[in-house]
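Asks: My questions all concern the structure below.
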Amino acid sequence: MLYYLIYFSTATKLMQKSDLEQLLTESRTWNESHGLTGMLAYIEGSVNGRVEARFMQVLEGKQEEVQWIFNKIKKDARHTQVTLLKEADLKERRFNNWSMKFENVDLDAHPDLISFFHMEKEVLESDEFKNSDIALDFLKAF
């Protein structure tokens, strides 16, 4: 049985292109060798006049593999406030062709996403949010 999870986090610093390339190389190499697929979105936007960044990622594969890498991801110093948005069994992969699809999202180009970017941790962890497909629909939109 396949399994997936989606998380949201706050970057500890704005990522440069080289930082993102290194992160993607690491992710894709590990995912390919462990049968994982998914997507990572890096989102920059303004919060109270300051530019901040968030990560949102979906990982899918065998539950043991997904959980193992998620536990490692939670300890990664490149982000904080890692919030598990959703996890569940999966009948078939949604990102089958991607060891790690990537999207660098500029909120100026996607103003409709601003409210999602600003969601408080309490909202993200709520049962109502977790029982919806908002996060998955967001990632699949790219």
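The values are calculated or read from the model by the stated rules, or taken from the named source; none is laboratory data. Every value quoted in this text rests on a predicted model; they were computed, and no experiment measured them. Don't worry about glycine lacking a Cβ; one is built from the backbone with ideal geometry, like all the others, and counts go over all protein chains shown. Accessible surface is based on the protein model in full, side chains and every heavy atom, while ligands, DNA and RNA are left aside. Shrake-Rupley method; radii C 1.70, N 1.55, O 1.52, S 1.80 Å.
Asks: Restricting attention to the alpha-carbon atoms of the stretch 14-96, what are Rg (one decimal) and Dmax (integer), both in Å?
Replies: Cα radius of gyration and Dmax of the stretch 14-96 are 13.8, 43 Å respectively.
Asks: Using a 7 Å offset from the Cα along the Cα-to-Cβ direction at both ASN48 and HIS34, what is the distance between the two label points in nm, to one decimal?
Replies: 3.5 nm
Asks: Also: How charged is the neighbourhood of SER27? Take every other residue with its Cβ under 12 Å from the Cβ of SER27, and add Lys/Arg as +1 and Asp/Glu as -1. Numbers along the way, then the final one.
Replies: Working: positive: ARG28, LYS72, ARG78, LYS101; negative: GLU21, GLU26, GLU32, ASP76.
Charge balance near SER27 sits at 0.
Asks: How far, in nm, would the chain grow between GLU103 and LEU90 when pulled straight, counting 0.36 nm per residue and subtracting the alpha carbon separation?
Replies: So the extension gain works out to 2.4 nm.
Asks: Let me ask another. What accessible area per residue, rounded to a whole number of Å², is obtained for the stretch 33-81 using a probe radius of 1.4 Å?
Replies: 49 Å²
Asks: For the stretch 13-25, just list the computed ³J(HN,Hα) in residue order, Karplus coefficients 6.51, -1.76 and 1.60, θ = phi - 60°, integers in Hz, with x standing in for Gly and Pro.
Replies: These are the phi-based 3J(HN,Hα) values: 7, 5, 8, 7, 4, 5, 5, 5, 4, 5, 4, 5, 4 Hz.
Asks: Between LYS13 and ALA77, what is 0.36 nm times their sequence separation minus the Cα-Cα distance? Round to one decimal in nm.
Replies: Full-extension gain reported as 22.0 nm.
Asks: Further question on the same structure: Residue by residue, what Karplus-based ³J(HN,Hα) values in Hz, rounded to whole numbers, does the stretch 78-93 have, using 6.51, -1.76 and 1.60 with θ = phi - 60° and x for Gly and Pro?
Replies: Listing the rounded values in order: 6, 8, 9, 6, 5, 10, 6, 8, 6, 8, 5, 5, 9, 6, 8, 5 Hz.
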